[in-house]
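Participant: For reference, the structure I am asking about is given below.
Readers should treat all values here as calculations from the given coordinates under stated rules, not as data from a laboratory. Since we're looking at a predicted model, the values are computed, not measured. Note that each Cβ is placed from the backbone with ideal geometry, even for glycine, and that neighbours are counted across all protein chains shown.
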Amino acid sequence: MPLTFDVSRTDVRDRFLRVVVREAVTTLEADIRPAWGRMTPQQMVEHLTWMFDVSVGAAQVPCFVGEEQQKQIRIFLYDEHPSPRNLRNPALAAGLPPLRSPDFAAAIAAMDLARRRYVDLDESSRRVAFAHPVFGPLVHEEWSRFHYKHVFHHLLQFGLIDV
């Protein structure tokens, strides 16, 4: 499904996270190979689940970047460029964690639940900042930009969307 990348528009990000992600992931097959990187489909889905959980405080992770560097790095959330291929997350320097879900279908169900928890946050929860491993504390608007770029990147990686 061809998409135009537009991180600046709240309505585009919202539709992407509410509708496009759900539809795209339903077409993902457990044995597909990524265009780049080493993740399997289940690893990618569980990775997205983890980040959705972090963004609502359901999982915590330390920030690996100092405050001054965070300010510089956060500019990335506001630029109109997709995430580069083979981007390394310092929280995963030791490698991807073991799989948590018993199978691929369960992983997709868990990711969809985590995604819905994020997009359906109430207004007061949207003002709470939760720590990202690189960007530091982010409120919902910033997490929205991050999730848009991050999930867009992984859907491209597995050929679920194109630009």
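Participant: Given springs between every Cα pair under 10 Å in a Gaussian network model of the chain, which of S124, S55, S83 has the largest fluctuation?
Facilitator: S124
Participant: Another question, if that's okay. Choose one answer from Y148, Y78, Y118: the residue with the largest mean-square fluctuation in a GNM of the chain with alpha-carbon springs under 10 Å.
Facilitator: Looking only at Y148, Y78, Y118, the biggest GNM fluctuation is shown by Y78.
Participant: Now for a separate question. Which distance in Å, rounded to a whole number, links the C-alpha centroids of the stretch 87-129 and the stretch 1-15?
Facilitator: A separation of 20 Å, based on Cα centres.
Participant: Between V61 and R15, what is the spin-label point distance in nm, taking each point 7 Å from the Cα along the Cα→C-beta axis?
Facilitator: A separation of 2.9 nm, rounded to one decimal place.
Participant: Find the all-direction average of the projected area of the Cα convex hull for the chain, expressing the result in square nanometres with one decimal place.
Facilitator: 8.9
Participant: How high is the relative contact order of the chain, in percent, counting Cα pairs under 8 Å that sit 6 or more residues apart? Intermediate values should be presented prior to the final figure.
Facilitator: Details: 201 pairs, mean separation 69.8, N = 163.
That works out to 43 percent.
Participant: For the pair T4 and E123, how long in nm is the line joining their label points, each one 7 Å along Cα→Cβ?
Facilitator: Computed distance between label sites T4 and E123 equals 3.1 nm.
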